[in-house]
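See structure below.
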């Protein structure tokens, strides 16, 4: 069957560009009201009945009956056996990817995850104490697809941060366990793993049950039910983000082979029909060449139908006045993945302010970042890169301020604090500071 991918052709010089551009970017993160209510019911039920509710929903939604939740826990021996049974090339790839991800996050920890302090002129000690979370939960999607890379990207930075326990949940419909996911859990240092998923798994992690321990934070992607559940439990536990459809924006100067760019657009479009793939380029002839490559390569793709629907429904090929304008439009989009497919990527990188991850140069395909380059592939979507960051070591740490005021410091700071406290009408605050002043 032949599928046609017809991404919108836009031009920044068109009088209708702003309206067309806004319409192409629009995506509603609102969750269906029925999903919200169902999720709320599941969360309340798990909170009330614990293991029994999780078992009931796992049997109903995943066709995986069990009499105890312990029966759905994966042992360390089972994780290791899955790793040992993999073909040598898959074992090697997992280990190589894990080493690079671990190396990157160890460098990240040194750069931004250490405690620090200093003494001021009065001898007061001021600083910051950085400590890891005690226990985190990572949600790994299962069912239609399995993502061992998600295990690495969520568990390894937690491990590097020093988290004491990493609890993994992964749905296994009809009991079908993906060996790569289990092996990745072994390589990444997951502490405990349960074959449960959906809102019930999020609830078990957030509230704790008789078998599943309560965690401090939940990370990892999932379907609409998982996303809704994470929103509901935020505040009881921390969460990483609410992820929208996957996105790629390619900023091209026309120097990269069109086939490469077409395949990079495919790499996100194949995720699902709501994924967004956009090309920004000042060369109209090059845009034509990329469209020709799309037409030629699409029939060779196993997921051609999904790619075609994604590109036609949400994709765009945008002709810009210049690379400078393309950079400014990119900042407005704030994409999850941003490829600077240019012969001079470092010329344009300083102009780019908002993106989850920036891939510099023609040889830096987004797919390398997804699996093994090293930086985390859990990235902000739907324009949230304007104010949020990739998942990292810092997501598995917390910071406590350290304050030790000397006697001399109290004499200097006390009157300042008292004046401000009286101004706010908080007399006890003021007098607590004044009592420490030398009479």
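Data overview
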read-out: One residue from 355, 421 being buried (at least 20 other Cβ atoms within 10 Å of the Cβ), at pLDDT 95 or above, over 30 Å from residue 165 (Cα atoms) and in contact with a helix residue (DSSP H, G or I) (Cβ under 6 Å, 6 or more places away or on another chain); value: 355
read-out: Criterion: assigned to a helix (DSSP H, G or I), touching a helix residue (DSSP H, G or I) at 6+ places or on another chain (Cβ under 8 Å) and over 30 Å from residue 233 (Cα atoms) - qualifying residue of 90, 108; value: 90
read-out: Residues within the stretch 152-186 that are in a helix (DSSP H, G or I) and over 20 Å from the mean Cα position of the chain (by Cα), tallied; value: 8
read-out: Extreme residue, farthest from residue 233 (Cα to Cα), among residues of the stretch 56-72 that are out of contact with any helix residue (DSSP H, G or I) (no Cβ under 6 Å at 6 or more places or on another chain) and in a helix (DSSP H, G or I); value: 71
read-out: Qualifying residue in the stretch 213-235 (condition: over 20 Å from the mean Cα position of the chain (by Cα) and in contact (Cβ under 8 Å) with a residue 60 or more places away in the chain); value: yes
read-out: Test: residue in the stretch 292-306 that is modelled with pLDDT of 95 or more, assigned to a helix (DSSP H, G or I), touching a helix residue (DSSP H, G or I) at 6+ places or on another chain (Cβ under 9 Å) and crowded, with 22+ Cβ neighbours inside 10 Å; value: yes
read-out: Unmet criterion (only one of (1) in contact with a helix residue (DSSP H, G or I) (Cβ under 8 Å, 6 or more places away or on another chain); (2) surrounded by fewer than 24 Cβ atoms within 10 Å (Cβ to Cβ)) for residue 171; value: (2)
read-out: Pairs, first farther than 8 Å from residue 151 by Cβ and in the same structural domain as residue 70 (by TED's automatic domain parsing) in the stretch 180-192, second at pLDDT 95 or above and not in a helix (DSSP H, G or I), C-beta under 6 Å, six or more apart; value: 183/86; 191/165; 191/166; 192/167
read-out: Only listed residue being more than 30 Å from residue 188 (Cβ to Cβ), out of contact with any helix residue (DSSP H, G or I) (no Cβ under 9 Å at 6 or more places or on another chain) and not assigned by TED's automatic domain parsing to the domain that holds residue 163, chosen from 388, 343; value: 343
read-out: Filtered residue count, the stretch 2-27, keeping only those that are touching a residue at least 40 places away in the same chain (Cβ under 8 Å) and farther than 22 Å from residue 283 by Cβ; value: 5
read-out: Search result, residues across the stretch 64-74 that are over 26 Å from the mean Cα position of the chain (by Cα) and either under 15 Å from residue 181 (Cβ atoms) or in contact (Cβ under 8 Å) with a residue 12 or more places away in the chain (or both); value: 64, 67, 68, 69, 70, 72
read-out: Entirely in the stretch 340-439, the helices (runs of 4 or more DSSP H) that have 3 or more residues that are within 28 Å of residue 240 (Cβ to Cβ); value: 366-371
read-out: Condition met for residue 272 (in the same structural domain as residue 315 (by TED's automatic domain parsing) and over 21 Å from residue 377 (Cβ atoms)); value: no
read-out: Extreme residue, modelled with the highest pLDDT, among residues of the stretch 133-147 that are under 15 Å from residue 180 (Cβ atoms) and within 15 Å of the chain's Cα centre (by Cα); value: 140
read-out: Matching residues, the stretch 73-87, being within 16 Å of residue 171 (Cα to Cα) and in a loop (DSSP other than H, G, I, E, B); value: 75
read-out: Hits in the stretch 187-205 - residues which are assigned to a helix (DSSP H, G or I) and at positive phi; value: 198
read-out: Qualifying residue in the stretch 126-134 (condition: touching a residue at least 12 places away in the same chain (Cβ under 8 Å) and part of a loop (DSSP other than H, G, I, E, B)); value: yes
read-out: Single match in 217, 230 (criterion: over 28 Å from residue 13 (Cβ atoms), surrounded by 24 or more Cβ atoms within 10 Å (Cβ to Cβ) and in contact with a strand residue (DSSP E or B) (Cβ under 8 Å, 6 or more places away or on another chain)); value: 230
read-out: Among (1) closer than 30 Å to residue 159 by Cβ; (2) in contact with a strand residue (DSSP E or B) (Cβ under 8 Å, 6 or more places away or on another chain), the one test that residue 77 misses; value: (2)
read-out: Criterion (crowded, with 19+ Cβ neighbours inside 10 Å and more than 22 Å from the chain's Cα centre (by Cα)) met by exactly one of 259, 240, 253, 264; value: 253
read-out: Residues of the stretch 11-28 satisfying the condition of being outside any loop (DSSP other than H, G, I, E, B), farther than 23 Å from residue 304 by Cα and in contact with a strand residue (DSSP E or B) (Cβ under 8 Å, 6 or more places away or on another chain); value: 11, 17, 20, 21
read-out: Residue under evaluation residue 243, criteria (1) in contact with a strand residue (DSSP E or B) (Cβ under 9 Å, 6 or more places away or on another chain); (2) part of a loop (DSSP other than H, G, I, E, B), criterion not met; value: (1)
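The values are calculated or read from the model by the stated rules, or taken from the named source; none is laboratory data. Everything quoted here is computed from the prediction, not taken from an experiment. No Cβ is skipped: glycine too gets one built from the backbone with ideal geometry, and neighbour counts run over all protein chains shown.
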